Amino acid sequence: MVTTDRKKLVENISNPEKLWDLVVVGGGATGLGTALDAASRGYKTLLLEQADFAKGTSSRSTKLVHGGVRYLAQGDIDLVREALYERGLLLKNAAHLVKNESFIIPNYEWWSGAFYTIGLKIYDLLAGKLSFGRSKHISKAETISRLPTIQQKKLRGGVVYHDGQFDDARLAINLAQTCLEQGATVLNYFQFRAFIKVDNKITGVVAKDVESGKIYRINTQIVINATGVFVDDLIQTDEPHKKPLVRPSQGIHIVLDKSFMPGEDAIMIPKTDDSRVLFVLPWHGKVLVGTTDTPLNSHSLEPIALEDEIAFVLRTSGKYLAKAPTRKDVRSIFAGLRPLAAPQDGSTKTKEISRSHKIIVSVSGLISVIGGKWTTYRRMAQDTVDKAIEAAKLQPRACVTKSLSIHGNKTGADFTDHLYIYGSDREALLALVNENPEWGEKLYFRMDYIKAEVIWAVRNEMARTVEDVLARRVRALFLDARAAIDMAPEVASLMAKELNKDEDWKNIQIADFTYVAEGYLLIGS
């Protein structure tokens, strides 16, 4: 297995004379995808992430690998076709994380059954050979049978279609591991500080190891700015007077117990009060409900759900579920920011801004990637590396990621076993219990996670903090924030022994995690 030891990875950048082909700043979907594309073509690639991989937007999605039914409604056929193609590739290349999910659109108007059936037939056609299954109309009786907690008053039937579902943060971690396997160096908790320039051309970056405080000067042929909602920060470091290119839009999700929707089907509500789509999805034994679309003028690593957004999600889902959820039913709530390309005409309707990506090359040679979504991360990366080859005059090499298996890829996943997310690593993880039988015990009585998962996260998945483990290696924080807070002391103890940390580190970790996790609790619930 390729090393994930931080000390050894940091040694790779310790030679100030070394010249990298590409330095990627940002460890979310776009950055990891770009680093993987570049490394798999044989370029000397370094990725720097200021916090943890997928700490921001890339761990806070609606967990869909999809073409985007609403983009079809907006007439963005090319984006839908591209996304459906990428969805098919992802099912092949990360079969342990992507599952075929059936969605039901409940019909309450006489015309809606035929209307959505016809629209989704077009969706099926655009998927071509990579289709996940044909859409069809179902009766009222079958709709109720499959969605026993659906609001039955005035229900006429439903339309079933198929799309993909995945675990976003887990895919990010597996992409980081695949980058290492392809020869890249990827480092979390490494902060970009400044550009190095010669004759107004970027020739490198200055970066700080957040853990040691040490500053590094790194030489490179080209820098890729893949920082999502922070993309303008790097652009303005390069060109201080540049107009912002990204307009953040916030989307929130609430998590409920499985009793609110006990079946395996998801619900898609095609038209809400604000003309958005709302999803109610089974996910890791819970029910995920979202999302919203709120334009913001600022960004942060820990965005907070607004009261209007909370009320909207509870109210709208309550119209379609027999038992309307209340604040006290919410196990966790999280907000994420979409890095949408800022409209140039002054429009504020973020839901009308295309999710297709843009690649911009500055006078200094900085390449910035704007927009996009998880489903199309691979294509975004391919386009970005192609642009980097052109801009930096690198030796051209063909993209190979269409058929590149992602770390952990394994078909036939048992989605009833919570360890399915580890794919081909599952047996090796369980073998840790032979080293220490105590690691086979549950971390917490209310959740399935075992102690071995913490050890595995530290040894093999570059987890450095309690939050890394409870938010992104296992998804406890996103599923049950109160339980995650209760688990933190045990996780901190296990990590402290593995990382050779003292009692002070442990206490700081518990305090820091508790502070973050309280933002995932719905106050007044």
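The values are calculated or read from the model by the stated rules, or taken from the named source; none is laboratory data. Owing to the predicted nature of the structure, the values given are computational and were not obtained by experimental measurement. Backbone-built Cβ (ideal geometry, glycine too); neighbour counts: all protein chains shown.
List the number of the failed condition for Val289; all other conditions in (1) assigned to a strand (DSSP E or B); (2) in contact (Cβ under 8 Å) with a residue 60 or more places away in the chain; (3) in contact with a His (Cβ under 7 Å, 6 or more places away or on another chain); (4) not aromatic (Phe, Trp, Tyr) hold.
Status for Val289: all satisfied but (2).
Being more than 20 Å from Lys328 (Cα to Cα) and either out of contact with any helix residue (DSSP H, G or I) (no Cβ under 7 Å at 6 or more places or on another chain) or surrounded by fewer than 21 Cβ atoms within 10 Å (Cβ to Cβ) (or both) is the filter here, so list the residues in segment 251-267 that pass it.
Passing the criteria: Gly251, Gly263, Glu264, Asp265, Ala266.
Could you please find all residues in segment 268-295 being more than 18 Å from Val313 (Cα to Cα) and surrounded by fewer than 19 Cβ atoms within 10 Å (Cβ to Cβ)?
Residue satisfying the conditions is Gly285 alone.
Do we have any residue at all in segment 74-84 that's within 26 Å of Ala388 (Cβ to Cβ) and among the β-branched types (Val, Ile, Thr)?
no
Show me the helices (runs of 4 or more DSSP H) found entirely inside segment 82-194 where at least 1 residues are modelled with pLDDT of 95 or more.
140-146, 168-181
List the helices (runs of 4 or more DSSP H) that sit entirely inside segment 416-491 and contain at least 2 residues that are more than 22 Å from the chain's Cα centre (by Cα).
Passing ranges, in order: 426-435, 451-460.
Among the numbered criteria (1) assigned to a strand (DSSP E or B); (2) modelled with pLDDT of 95 or more, which single criterion is violated by Arg338?
(2)
Limited to segment 296-325, what total is found for residues that are assigned to a loop (DSSP other than H, G, I, E, B) and either without any contact (Cβ under 8 Å) to a residue 12 or more places away in the chain or out of contact with any helix residue (DSSP H, G or I) (no Cβ under 7 Å at 6 or more places or on another chain) (or both)?
Total satisfying the criteria: 10.
Between Ser14, Ser102, which is surrounded by fewer than 24 Cβ atoms within 10 Å (Cβ to Cβ) and under 24 Å from the mean Cα position of the chain (by Cα)?
Matching residue, one of Ser14, Ser102: Ser102.
Out of curiosity, is Glu498 in a helix (DSSP H, G or I), over 19 Å from the mean Cα position of the chain (by Cα), surrounded by fewer than 23 Cβ atoms within 10 Å (Cβ to Cβ) and not aliphatic (A, V, I, L, M)?
So Glu498 fits the description; yes.
Within segment 83-99, restricting attention to residues that are among the charged types (D, E, K, R) and surrounded by fewer than 20 Cβ atoms within 10 Å (Cβ to Cβ), which residue is farthest from Val159 (Cα to Cα)?
Lys92
Please state which one of Gly28, Gly42 is at pLDDT 95 or above, surrounded by fewer than 23 Cβ atoms within 10 Å (Cβ to Cβ) and small (Gly, Ala, Ser).
Just one listed residue meets the conditions, Gly42.
From (1) crowded, with 24+ Cβ neighbours inside 10 Å; (2) touching a residue at least 60 places away in the same chain (Cβ under 8 Å), pick out the condition that doesn't hold for Val474.
(2)
Given the residues Asp448, Asp468, Asp486, which is the only one that is more than 19 Å from Ala54 (Cα to Cα), out of contact with any helix residue (DSSP H, G or I) (no Cβ under 6 Å at 6 or more places or on another chain) and modelled with pLDDT of 95 or more?
Being more than 19 Å from Ala54 (Cα to Cα), out of contact with any helix residue (DSSP H, G or I) (no Cβ under 6 Å at 6 or more places or on another chain) and modelled with pLDDT of 95 or more holds for just one of Asp448, Asp468, Asp486, which is Asp486.
Identify all residues within segment 23-55 that are assigned to a loop (DSSP other than H, G, I, E, B), of a type outside the set (D, E, K, R) and over 15 Å from the mean Cα position of the chain (by Cα); write none if there are none.
Of everything in segment 23-55, those that are assigned to a loop (DSSP other than H, G, I, E, B), of a type outside the set (D, E, K, R) and over 15 Å from the mean Cα position of the chain (by Cα) turn out to be Gly42, Tyr43, Gln50.
Restricting attention to segment 1-22, report how many residues are outside any helix (DSSP H, G or I) and more than 23 Å from Asp37 (Cα to Cα).
4
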